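The values are calculated or read from the model by the stated rules, or taken from the named source; none is laboratory data. The model shown is predicted, which means the values in this text are computed figures rather than measured ones. Quick reminder, even Gly has a Cβ in these numbers, built from the backbone with ideal geometry, and neighbours come from all protein chains shown. Only protein heavy atoms, including side chains, enter the accessible area calculation; ligands, DNA and RNA are left aside. Shrake-Rupley method; radii C 1.70, N 1.55, O 1.52, S 1.80 Å.
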Amino acid sequence: MAPFALAVPGYRFGIHSRKRKTDEEQDNEDIVVTESEWDTPSSHLPSDSINPLSHSPDTLRQLAVAGLEPTDEVPSKAHPLFPHKPLPSEGKRRKGRGTENADEKSLISEETTPKPYSERLKHLSTMTAILHRCLADGDITRAKRAFSLLVQTKDIDIRLGGLWAVGSKILMRDGEAEQQQSRQRQQRAQTGEEDIGSDEEDQSHNGNANDEQREGEVRRWGLAANIEKVTLYFEALTQQYPHDPYRPQLTSALDFWPALFGIEIYNLDAEHRRALRQLQVEEEERNEESELPFEDEDMDLEREMEEDPDVDPHDAFDARRRRREEARQAIARAARDELRSEMLGAAERIAQKMDRVMENAPYSSHRELLRLRGHLALYVGDLCLASRLTDEDGVVEGQGEDRNVEDMLRSRAESTEEHAALVRRSEEHDRARACFRKILEGGGELDAWVLKFVNADEDEADVNITDGW
């Protein structure tokens, strides 16, 4: 199993970052090479000398207790802070001035190397490996248990090793297995499968059929039901680890807010796409039902022919089909407009939250926040438009592809609400351009289509329907 980054700060295990000295600085140090650190000039006096250093009686008694002779120096003079600081061992050898002995260099490196991993560190490393292995295998339940055990220890710092991002991934994907099992049970109930213990051929056939059924579905990452837990998780992190301008290298709220807003915007867009797909499926089912012959409609058509014999049967049939098609489009547009209004409200709430966060520095100039806010403004502007303005079948005849998008939308707008929506869309576009320009002014880079959009207000004639923003 490959090693993973362990989210444990170095000071927990006595590892401190120290500035390494260069070889020149090391050579210039005054290091004395002696057989014993206790050797002093006075210690080589004759043994029959009587108190040559004029120690006091108390000092002589302390020297005797320590096993020293009256001719020895007091240890505190040779080694400051003694006895509050331990004495160096006598067996150590240090590098002399101007020497390049490789063995002595290896001895110094061994002295500065931290101790091997402790048993607790090994246990934490194993739990981290289990966490990432479970995530790779899709076992979110075990990964969640491993993550909870890690963050409950005092040795783990959730900001290190990207552990905070792993936690958000686990929360977002929590419950995926249960949902998949529930979906499979529903599919079996709909297809009438009762014999679970069928042979392998039947199981493979059913699996292929389920895969074909899922092809039309909009796949997404995580579950929409978990977005509230993820939001609370990131908000707690931003409060616990606020941005510190004096230590900008540390992971802080400056990293948590962009991640939270990115997940919320993604979730909103994924739910919008899923709901639109569901509406499309329902509309196709209604179309299939409307194509079936109805006896009541045939009777109404015959009644109209009897009341007005001059009416052409083909014209009457075409008129009835057009009315049916208009009614079907009205129902579909009403459903899409209702969904659009719901998504617009959710997008506006996210935009308001982002505006509150970006009021102060350094969030107001953060490139990722500016990029997300610009994209959200474009999304809000599109949600302001009614379905009738954006339907492909609503294109006015005689409009070429070179016509400007704004001109095309204005030609379709009829009511006061639709004209107000166009004004709101233009305001959101201006807000998005302002965010993107701040990124450029700060030295950031933008995609090609974003650069074209930013410069669109300067040369609107070059932007047409086929640009595919």
Worksheet item: When you scan segment 330-354, how many residues do you find that are in contact (Cβ under 8 Å) with a residue 12 or more places away in the chain and either of a type in the set (Phe, Trp, Tyr) or open to solvent by less than 70 Å² (accessible area, probe 1.4 Å) (or both)?
Response: 16
Worksheet item: Would you call residue 232 exposed (fewer than 13 other Cβ atoms within 10 Å of the Cβ) and at pLDDT 95 or above?
Response: yes
Worksheet item: Taking segment 149-177 as the region of interest, how many residues are more than 23 Å from residue 258 (Cα to Cα) and open to solvent by 40 Å² or more (accessible area, probe 1.4 Å)?
Response: 5
Worksheet item: What do you reckon, is residue 322 at pLDDT below 85, among the basic types (Lys, Arg), farther than 30 Å from residue 262 by Cβ and in a helix (DSSP H, G or I)?
Response: yes
Worksheet, complete the sentence: Taking segment 242-293 and the residues there that are open to solvent by 70 Å² or more (accessible area, probe 1.4 Å) and of a type in the set (Phe, Trp, Tyr), the one that is nearest to residue 324 (Cα to Cα) would be 266
Worksheet entry | Selection status of residue 146, over 23 Å from residue 253 (Cβ atoms), at pLDDT 90 or above, open to solvent by less than 50 Å² (accessible area, probe 1.4 Å) and touching a helix residue (DSSP H, G or I) at 6+ places or on another chain (Cβ under 6 Å) | yes
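Quick grid of which residues meet (1) more than 30 Å from residue 62 (Cβ to Cβ); (2) under 24 Å from the mean Cα position of the chain (by Cα); (3) modelled with pLDDT under 90; (4) assigned to a helix (DSSP H, G or I):
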residue: 76; (1), (2), (3), (4): no, no, yes, yes
residue: 80; (1), (2), (3), (4): no, no, yes, no
residue: 84; (1), (2), (3), (4): no, no, yes, no
residue: 120; (1), (2), (3), (4): yes, no, yes, yes
residue: 123; (1), (2), (3), (4): yes, no, yes, yes
residue: 136; (1), (2), (3), (4): yes, yes, no, yes
Worksheet item: Do we have any residue at all in segment 202-216 that's assigned to a loop (DSSP other than H, G, I, E, B), open to solvent by less than 80 Å² (accessible area, probe 1.4 Å) and at pLDDT below 85?
Response: yes
Worksheet entry | Tabulated pairs, segment 367-382, first under 14 Å from residue 268 (Cα atoms), second among the aromatic types (Phe, Trp, Tyr) and assigned to a helix (DSSP H, G or I), C-beta under 6 angstrom, 6+ apart or interchain | 372/261
